[in-house]
Structures are given as C-alpha cells and as structure tokens.
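The values are calculated or read from the model by the stated rules, or taken from the named source; none is laboratory data. Everything numeric here is computed off the predicted structure, so don't read it as measured data. Ideal geometry is used to build each Cβ from the backbone, glycine not excepted, and the neighbour counts take in all protein chains shown.
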Amino acid sequence: MSGQAARAARPPRGLARLRHETLDSIFGYVYAVLMVDLLLAVANLPLVAVLFAARDALQAWPLVLLLSLTVSPSLAGAFEVYRTLGDGHPQPFSAFWRGYRRRGLAAGLVGLAAAVLVGFVLYDAAVVAGTVWAALLGPTLLVVALLAVVTALTAIAGLTVFAAASARAIFKAALYVAVRRWYFSAVALALVGLSILAVLMQPVLGLLAPGLLLYAVFANAHYGFRQVLRKEG
C-alpha cells in the first residue's frame, strides 16, 4: 500500500523530463543573452570606452557616431546567436564570431549608410535649429533618421536569417518591412531607445540590457519578414 502511495506521489517521468528540458532551455537563453552582452562589449570596445569616459556622450556625438560603425557587424554576430538558439545546444561564442565573419562586412556597409544618413540629419537639424524652418523640417528629419535606423536593424537581421540572399535584395525587403509593418518598427525603435538610454545613464548596468532587448528586436524583424513572405506566397 505504501509502495503504491509512493509511486502515486512521484511525478510522471515525462513531466519530469519536460521540466528538465524547460529549465535547460531557460538557462540556455539566459546564458546566450549574457554572452551576447559580453561579446558586444568586446566587439565595440572603443565605443564602450568613450561612453564610460565621456561626461556627456551627447555632446561628443560626432565621435560616438564614428565609433558606432563597429556596432553593425557586431549586431550580425548577435543576431546569428539568436538565430541558432532553437538548435537545442546554444554555442553563443562560436555563433557570434561566425555571424560576424560571414555577414559582418555587409552589415557594416548597411550601418555605414545609416550612420551617414543620420549624421546628415543631425547636421541639418543643428543648422535649422532656431530658425523658421525648424518647425517645418524638424519632423521630416526625425522621420528620416528613425527610418534609417530601423531599416538598418531589419536589414542586419535579414542578413543573418537569409544567408543565401543578396544584400541588395535584403535591404529592399527590409525597407519594405520597416514601412509596411510600421508598428513593428515602432516597437524596435522603442527597444533600441531603451537600450541606448540604459547605457548612457548607467554604463555598467546598461551593458546588461542590449542582449535581451536586441533579442526582442531580432524576433520582431524575423516575424515581420515571415509575415511578408507568407503574404506574397
């Protein structure tokens, strides 16, 4: 009788295995996100050093914008880590540098184009500030800058998801997704804004934020691509 009661009290083996696999999956995701934070800091060490040393990073925006050119290739590495999370055995270190090596150049060109456009917008904004043109051109310049950022993020995510596609085709698709799925773009911009704000306000703790927020950006962009492909298919 006691043996039957003991067996009844034990959880089913399938349930225990499911719990074990769930815990492994959770720890795998947490480990991957933390490794992405570390690898992003290593890949963007000059930028991180300036953010730590500068009293006001916003005042040094030309230097920050120049050093941020290393961010795009590192995002290709981070997004490659997120792409491989479903494989069951996450290896973030090797996945990061594999994505960096394979798509880093294309991602860097996308980031360079976005940085040039954003720099042009910031320069124009500084020129027209305080003039009668500010109210007219200000919103337009803001939209152009935000569209450049979100298109670049979406394109870099597409570079890692569609490894066989050309960079030009992915960029066109990313621009379409960014405009057509504008609500996804708004979420992505909000997440990136939170990440940047966290780093600027508290650099040490802020370095723990990008990994998690960028995972949401990647999932967002990936879903947007799939929705467009499903609609066209």
statement: Over segment 153-170, the set of residues out of contact with any Leu (no Cβ under 9 Å at 6 or more places or on another chain) and not hydroxyl-bearing (Ser, Thr, Tyr) is 158, 159, 161, 162, 163, 164, 168, 169
query: Across segment 150-177, what is the total count of residues that are within 11 Å of residue 106 (Cβ to Cβ) and of a type in the set (Val, Ile, Thr)?
result: 3
query: When you look at residue 130, is it of a type outside the set (A, V, I, L, M, F, W, C) and in a helix (DSSP H, G or I), yes or no?
result: no
query: How many residues are surrounded by fewer than 20 Cβ atoms within 10 Å (Cβ to Cβ) and either within 22 Å of residue 45 (Cβ to Cβ) or of a type in the set (A, V, I, L, M) (or both) if we restrict to segment 208-222?
result: 6
Neighbours by Cβ (under 7 Å, 6+ apart or cross-chain): first from segment 33-58, polar (S, T, N, Q); second not in a loop (DSSP other than H, G, I, E, B): 44/70; 44/71; 44/74
- prompt: Which condition number in (1) out of contact with any helix residue (DSSP H, G or I) (no Cβ under 7 Å at 6 or more places or on another chain); (2) modelled with pLDDT of 85 or more; (3) of a type in the set (S, T, N, Q) is the one that residue 220 fails?
  reply: (1)
message: Take residue 64 and tell me if it is under 13 Å from residue 35 (Cα atoms), of a type in the set (Val, Ile, Thr) and part of a helix (DSSP H, G or I).
response: no
task: Would you kindly identify the helices (runs of 4 or more DSSP H) lying entirely within segment 159-233 that contain at least 2 residues that are under 18 Å from residue 84 (Cβ atoms) and without any contact (Cβ under 8 Å) to a residue 40 or more places away in the chain?
output: 209-232
- prompt: Which of (1) of a type outside the set (Gly, Ala, Ser); (2) exposed (fewer than 15 other Cβ atoms within 10 Å of the Cβ); (3) part of a loop (DSSP other than H, G, I, E, B) is the odd one out, the single condition residue 90 does not satisfy?
  reply: (2)
